[in-house]
Amino acid sequence: MKDAFGAPQSLLVLGGTSEIGLATARRLIAHRTRTVWLAGRPSPALEAAAEDLRHRGAYVQTVAFDALDTESHETVLGKIFTEGDIDMVLLAFGIPGDQERDEEEPLAAVRVAQTNYTGAVSAGLVCAGALQAQGHGSLVVLSSVAGERARRADFIYGSSKAGLDVFTQGLGDALHGTGVHVMVVRPGLVVPDSAAARGTGGPLATIPFTRTPLVTTPGAVADAIVTGLRRRSETVWVPGALRAVMSALRHVPRPLFRRLPV
Amino acid sequence: MSVDTVSLTGWGRTAPTTALRFRPRSYEEAAATVLGCGPRGSIARGLGRAHGDAAQNAGGSVLDMTALDRVRAIDAAAGLVVCDAGTTLHRLREVMLPLGWFLPVVPGGRYVTVGGAIGSDAHGDNHRAAGSFARHVTEFTLLTADGEVRTVHPGTPLFDATAGGLGLTGVILSATLRFRPVTTSLMAVDTQRADGLDDLLARMTRGGHRPYEYARIDLTARGRATGRAVLVTADHVPVHALPASARRTALALRPAPRRPGGLPFLSGLFGRLSASALNEIGYRSAPRSRTGELRSLAAFFHALDAAPHSNRVSPTGGRVHYAFLVGHGQEETLRRIVGRIARSRCPSFRAVLRRCGEGGPGWLSFPAPGWNLALDLPAGLPGLARFLDSLDEEVAAAGGRVSLTEDARLRPDALAAMYPRLPGFRALRAELDPTGAFRSDLSRRLSL
Ligand SMILES: Cc1cc2nc3c(=O)[nH]c(=O)nc-3n(C[C@H](O)[C@H](O)[C@H](O)COP(=O)(O)OP(=O)(O)OC[C@H]3O[C@@H](n4cnc5c(N)ncnc54)[C@H](O)[C@@H]3O)c2cc1C
Ligand SMILES: NC(=O)c1ccc[n+]([C@@H]2O[C@H](COP(=O)([O-])OP(=O)(O)OC[C@H]3O[C@@H](n4cnc5c(N)ncnc54)[C@H](OP(=O)(O)O)[C@@H]3O)[C@@H](O)[C@H]2O)c1
């Protein structure tokens, strides 16, 4: 059960090696989380992530889960819920794709769309149903600022996140009053905590936005998620300033937006 | 019997969860609900005045007991009442006062059911004199997991597990309560100001002869004023103390003067600032010392009332209630905690210090001899979770405990040290209710 501060005791991360997912798990273990399920494609990285969390004092299990194999979601995820309540599901899988290549290879673009959107719709619905049956819990979905307005540089990824974002908002409305809390998290550009600590020099300097305050880290996203849980927020922007920035950018006319260095 | 799906919280309005709410109108309907509950079990709920998640059951059934509210029999000579568990203390007071009997224990005002008062073994300002609620229960009937209705008497393990047992042994259907005799509906109230915690503890330890005693502590005052408080002690006024002309209406129910409703709203809006302002007003407006002020019962106990919806006034989210107790001789811990709360500048409201007397037999019952401090804090305060965890550690290290009915956040592993009779409680439940027909969010959260 979550406590008065929204701190869960059990956590399911879909995309068990996700940097953001693991940073969040570490934060939550420092609060009340004792049971963690890491669902992801089997790999040494997944096992290593589980081992790290065990060292932090949690009881951790890994489960084979592939976002693209939507047929299996009902069975794979359903089984986790039969073993005990899940107070929070973090939907953290996703691939950024490679815009240039994806434009040339439609099948590669489809893979981005299927992972980020179709896979998430399927897994999201399965988890929402299970949470509703237990009468409580949070479904936290990692969307992206890229879904907020189409950008030349990443619109294939962005469109998949736009779909996911709208889906999650709608799901939140559908589940309003059922005891299940749905939260959309929209991070800006996420750079590793270590790179952020080193400053904005080095190779990162070539990435747009890096010099702006709109860059964030997995740790900061995790903190924002913990705060969002406490407040039962429905939408969380990380960093928080993105909310204002994006509400301005949303209204910039397209001819002008095309020329912005974003 | 009405059934609906609702999202429920405790009085603190944190951690809402959804359950099927049944409102049984007879014992048979209650039994059918318990027998028919699904794998997520069921739990009894009174008026939901417990601050935390004790009376909610995510995904399961909740038995709203408030339709079972008949007063079944009164023995006006002995002061005994047999009533359904959903009867409120407010109603019992109305029925019994004209007959010369008053509630033996008044916890948090009138809006509490008899079932809730037994389920949390509630205590009032007169704990040292009267003990907690279960002491005044001469028997109750309990609907257990097998659908049977058992009559339970004090001195039996089932009684001791159920008193303060948070509804986890079964559903209390009815109870027989012993009231205390009074000859008027008036209280004689003494008020004094203590200018710091040491002064307060000295005054409280010195004691008087009044059975009711509580101190409203200003936890926002710092420095030398840390722990300054208004100490209130009171007793029932005997009829012979009244002028002859007033004796005829001595037991009349006198309504309490209306309180201004706006202040708690301010408290929600401005947090810390208004907390210290309200505390300041509360302290300054109290007389430095006044004795023998006459107040109606309603006015005296009204101060504690949790009137319907009065917890909705805060627009900024829920409240966390922190109620703990440390034994006599642990004043140093109390001092440290009060100091830490004051220094942390938490906007705390309604902080009340009481001195408790002998504990009851309830295995999970909260009151025990010592100092009981309870306060309200806005749940949204950053860092509050960690802060309260660290207070728990101090409390546990001093052999104290945190109240479970009021809890919404305790760390499960802190429990065993605070409630040494927990293993017995678990064993009894395992035997009486092997399939877990009675569960609540609290029992899941703390693995009770
Ligand atoms: C402003 C305020 C001040 C308060 N002050 C005090 C105080 O001074 N001292 C004190 O001790 N408490 C105090 N309380 C707490 C309150 O007295 C208890 O929480 C009491 O249990 C609430 O009764 P309820 O009918 O609302 O029960 P609920 O809150 O609905 O339920 C409380 C518990 O009792 C169980 N329960 C309820 N009915 C039954 C039943 N029929 N059979 C079995 N179990 C049942 C529930 O399962 C739950 O575990 C205060 C509360 C408020 C809001
Ligand atoms: N990084 C950013 O700048 C940024 C910004 C905004 C939003 N986001 C979003 O936030 C989420 C997490 O980001 P992150 O930075 O933590 O990403 P990350 O470290 O790259 O992790 C992505 C995760 O997705 C998993 N995954 C990919 N395809 C999968 C599939 N078919 N089935 C199951 N799992 C699959 C990966 O598992 P494998 O180990 O098996 O590959 C990995 O665990 C993503 O949804 C991302 O889109 C990221």
(request) Could I have the simple spin-label model distance between B:Arg247 and A:Ser194, label points 7 Å from Cα toward Cβ, reported in nm to one decimal? (result) 9.0 nm
(message) Taking the Cα centroid of the stretch B:1-53 and of the stretch B:421-448, what is the distance between the two, rounded to the nearest whole Å?
(response) 17 Å
(request) Could you please state how large a percent of the accessible area of chain B is carbon and sulfur, counting protein chains only and using a 1.4 Å probe? (result) 54 percent
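Mind checking the stretch B:75-176 for GluC sites (Glu not before Pro) that DSSP puts in a loop (not H, G, I, E or B) and that have at most 13 other Cβ atoms within 10 Å?
Hits after loop and neighbour filter: B:Glu148.
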(message) Need the C-alpha centroid separation for the stretch B:162-208 versus the stretch B:62-113, integer Å.
(response) 17 Å
(message) Using a probe radius of 1.4 Å on heavy atoms only, what accessible surface per residue do you get for the stretch B:67-182? Whole Å² is fine.
(response) 30 Å²
(message) With a 10 Å cut-off between alpha carbons and a GNM built on chain B, which of B:Ser285, B:Ser174, B:Ser276 moves the most?
(response) B:Ser285
(request) Ignoring ligands, DNA and RNA and using a 1.4 Å probe, state the total buried accessible area between B and A in Å², rounded to the nearest 100. (result) 1800 Å²
(message) Per-residue counts of other Cβ atoms within 10 Å, averaged by peptide: what ranking do you get for B:160-173, B:391-404, B:359-372, highest first?
(response) B:160-173, B:359-372, B:391-404
(message) List, by residue number, every residue in the stretch B:4-46 with a reduction of 50 Å² or greater in accessible area between the chain on its own and the complete protein assembly, 1.4 Å probe.
(response) B:Pro16, B:Thr18, B:Arg40
(request) For the stretch B:333-346, just list the computed ³J(HN,Hα) in residue order, Karplus coefficients 6.51, -1.76 and 1.60, θ = phi - 60°, integers in Hz, with x standing in for Gly and Pro. (result) 5, 4, 4, 5, 5, 4, x, 5, 5, 5, 5, 5, 6, 5
(request) Name the residue farthest towards the positive end of the dipole of the protein assembly as shown from the options A:Trp237, A:Thr24, B:Leu177, assuming +1 on Cβ of Lys and Arg, -1 on Cβ of Asp and Glu, about the Cα centre. (result) B:Leu177
(request) Compute the accessible area of each residue in the stretch A:1-45 twice, once for its chain alone and once with every protein chain present, using a 1.4 Å probe on heavy atoms, and list those whose area falls by at least 10 Å². (result) A:Met1, A:Lys2, A:Asp3, A:Ala4, A:Phe5, A:Gln9, A:Ala30, A:His31, A:Arg32, A:Arg34
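How many times 2.2 N^0.38 Å is the alpha carbon radius of gyration of the stretch B:30-101?
Normalised by 2.2 N^0.38 Å, the Cα Rg of the stretch B:30-101 equals 1.38.
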(request) Would you work out if the protein assembly as shown is rounded, prolate or oblate? Take a ≥ b ≥ c from the square roots of the eigenvalues of the alpha-carbon gyration tensor; rounded if a/c is under 1.5, else prolate when a/b is larger than b/c, oblate otherwise. (result) prolate
(message) Taking the 0 to 90 degree range and rounding to the nearest ten, how far is the long axis of helix A:44-55 tilted relative to the main principal axis of chain A, both from C-alpha atoms?
(response) 60 degrees
(request) Can you check what the net charge comes to around A:Glu103, using other residues whose Cβ is under 12 Å from the Cβ of A:Glu103 (Lys, Arg +1; Asp, Glu -1)? (result) -4
(request) With a/c under 1.5 counting as rounded, go ahead and sort the stretch B:316-441 into rounded, prolate or oblate using the C-alpha gyration tensor (a ≥ b ≥ c being the square roots of the eigenvalues; past the cut-off, prolate if a/b is larger than b/c, else oblate). (result) oblate
(message) With a cap of 15 neighbouring Cβ atoms within 10 Å, and only residues DSSP puts in a loop, list the trypsin sites (Lys or Arg not before Pro) found in the stretch A:48-114.
(response) A:Arg56
(request) Answer with one residue from B:Ala50, B:Leu446, B:Leu353: the one whose Cα lies farthest towards the positive end of the charge dipole of chain B, charges on Cβ with Lys, Arg +1 and Asp, Glu -1. (result) B:Leu353
(message) Please compute the per residue accessible area over the stretch B:330-420 with all protein chains in place, 1.4 Å probe, rounded to a whole number of Å².
(response) 33 Å²
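With every protein chain left in place, what is the accessible area per residue of the stretch A:10-259 in square angstrom, probe 1.4 Å?
Accessible surface, normalised per residue, equals 45 Å².
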(request) Give the value in nm², to one decimal: projected area of the alpha carbon convex hull of the stretch A:28-76, averaged over all directions. (result) 3.7 nm²
(message) Of the candidates A:Gly84, A:Gly158, A:Gly240, which one comes out as most mobile in a Gaussian network treatment of chain A with C-alpha springs shorter than 10 Å?
(response) A:Gly84
(request) Would you work out if the stretch B:67-182 is rounded, prolate or oblate? Take a ≥ b ≥ c from the square roots of the eigenvalues of the alpha-carbon gyration tensor; rounded if a/c is under 1.5, else prolate when a/b is larger than b/c, oblate otherwise. (result) prolate
(request) Kindly tabulate the residues in the stretch A:228-247 with an accessible-area decrease of at least 20 Å² between the chain alone and the assembly of all protein chains, using a probe of 1.4 Å. (result) A:Arg230, A:Arg232
(message) Out of the total accessible area of the stretch A:10-259 (probe 1.4 Å, heavy atoms of protein only), what percent is carbon and sulfur?
(response) 56 percent
(request) Grab the other residues whose beta carbon is less than 9 angstrom from that of B:Pro287, score K and R as +1, D and E as -1, and report the net. (result) +2
(request) Quickly estimate the mean residue ellipticity at 222 nm for chain A, helices only: each DSSP H run with n ≥ 4 gives -39500 (n - 2.57), and the total goes over all residues, rounded to 500. (result) -14500 deg cm²/dmol
(request) Determine the calculated [θ] at 222 nm for chain B from helices alone, applying -39500 (n - 2.57) to every DSSP H run no shorter than 4 residues and normalising by the residue count; nearest 500 deg cm²/dmol. (result) -7500 deg cm²/dmol
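The values are calculated or read from the model by the stated rules, or taken from the named source; none is laboratory data. Not measured: the values here are computed from a predicted model. FYI the Cβ positions are ideal-geometry reconstructions off the backbone, even for glycines, and counts take in every protein chain you see. Keep in mind that these areas ignore ligands, DNA and RNA; they rest on the heavy atoms of the full protein, side chains included. Shrake-Rupley method; radii C 1.70, N 1.55, O 1.52, S 1.80 Å.
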